[in-house]
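**Q** My questions all concern the structure below.
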Amino acid sequence: QITSGNKMTFEGTSVKIAGLFIVLLAAAGATWLFAPIETQILLLLPAALVGFGLALWLTFSRKINPVGVVVYAAVEGVFLGGLSSLFEQMYPGIVYIAVMATLVTAGGMFAAYYFGLIKVDARFTRIMFASLIGYGLFALVNFGFSMFTGGSMNAYGTEWGWAIALVGVGLAAFTLYLDFEDIKQGVAKGLPAEYEWRAAFGLTVTLIWLYVEILRLLSILRRD
């Protein structure tokens, strides 16, 4: 039961972020280490679709659902475990580089946000939302063409695939600013403590997206 005395804090949000990543990493590790490659391939698409559906539901639901957030982290862990395992088999060492690049990028963006190198104002937010909508529509169209053509019509397979992937990395990285600002504003406004779950969920989604985009970019560069 949330009472008016329980307010959102940086510490509480950090604990929930850490908890979600423990669940995420545990599910990813179990999938990679214990599931046969055939099972990983079989689980990949269902986990991606279920994770996407949960993300939409949790994002647009008016009620904050901590259980749903934890389930999302577990499902995404299964997806990332299988995806990382497949990429590692194709490009040995790529997962380690992708993980390090994700951590360094996230750390650098946090430092830049902390020192105010980029101001998260209304203009920045509008530009980001417009960019995210545009990239999201592109991703859906690209996925549709890829599914119906057996992968023959995939923008990432063109000579400009690396540039498109780089744009994805950049958008995911700058979205972290929105997540940091969301946490800051939530604490400043004294929102109820349950909003820590929503903020932790938002940051988790962005970091997962950043990792996938970096993994994709590295695979394109290795392929080329």
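**Q** For the chain, which whole percent of the accessible surface, found with a 1.4 angstrom probe, sits on carbon and sulfur atoms? Kindly include the intermediate steps, with their values, before the conclusion.
**A** Values: 9050 of 12550 Å².
The C+S portion of the solvent-accessible surface of the chain is 72 percent.
**Q** Another question about this same structure. If I build a Gaussian network model for the chain, linking alpha-carbon pairs within less than 10 angstrom, which residue out of A112, A122, A163 has the largest mean-square fluctuation?
**A** A122
**Q** Could you grab the relative contact order for the chain? Cα pairs under 8 Å, six or more apart, rounded to a whole percent. Walk me through the numbers before you get to the answer.
**A** Working: 228 pairs, mean separation 77.0, N = 224.
Rounded, it is 34 percent for the chain.
**Q** Considering Cα pairs under 8 angstrom that are at least six residues apart, work out the relative contact order of the range 112-197 and quote it in whole percent. Don't skip to the answer; put the middle values down first.
**A** On the way: 31 pairs, mean separation 24.9, N = 86.
The normalised contact order for the range 112-197 reaches 29 percent.
**Q** At 7 Å along Cα-to-Cβ for each site, give me the label-to-label distance between L132 and A112 in nm.
**A** With each label point 7 Å from Cα toward Cβ, the separation is 1.7 nm.
**Q** Mind telling me which of V70, V78, V50 comes out most flexible in a GNM of the chain, alpha-carbon contacts under 10 Å?
**A** Maximum among the listed residues: V50.
**Q** Sequence gap of 8 or more, or different chains, plus Cα separation below 18 Å: how many lysine pairs satisfy both in the chain? Please list the in-between numbers first.
**A** Working: K7/K16; K7/K63; K7/K184; K7/K189; K16/K63; K16/K184; K119/K184.
Summing the qualifying lysine pairs gives 7.
The values are calculated or read from the model by the stated rules, or taken from the named source; none is laboratory data. Just so you know, these numbers come straight off a predicted model, no measurement behind them. Positions of Cβ are backbone-derived with ideal geometry, glycine not excepted, and every protein chain shown enters the neighbour counts. Protein only, heavy atoms only, side chains kept; ligands, DNA and RNA dropped before computing areas. Shrake-Rupley method; radii C 1.70, N 1.55, O 1.52, S 1.80 Å.
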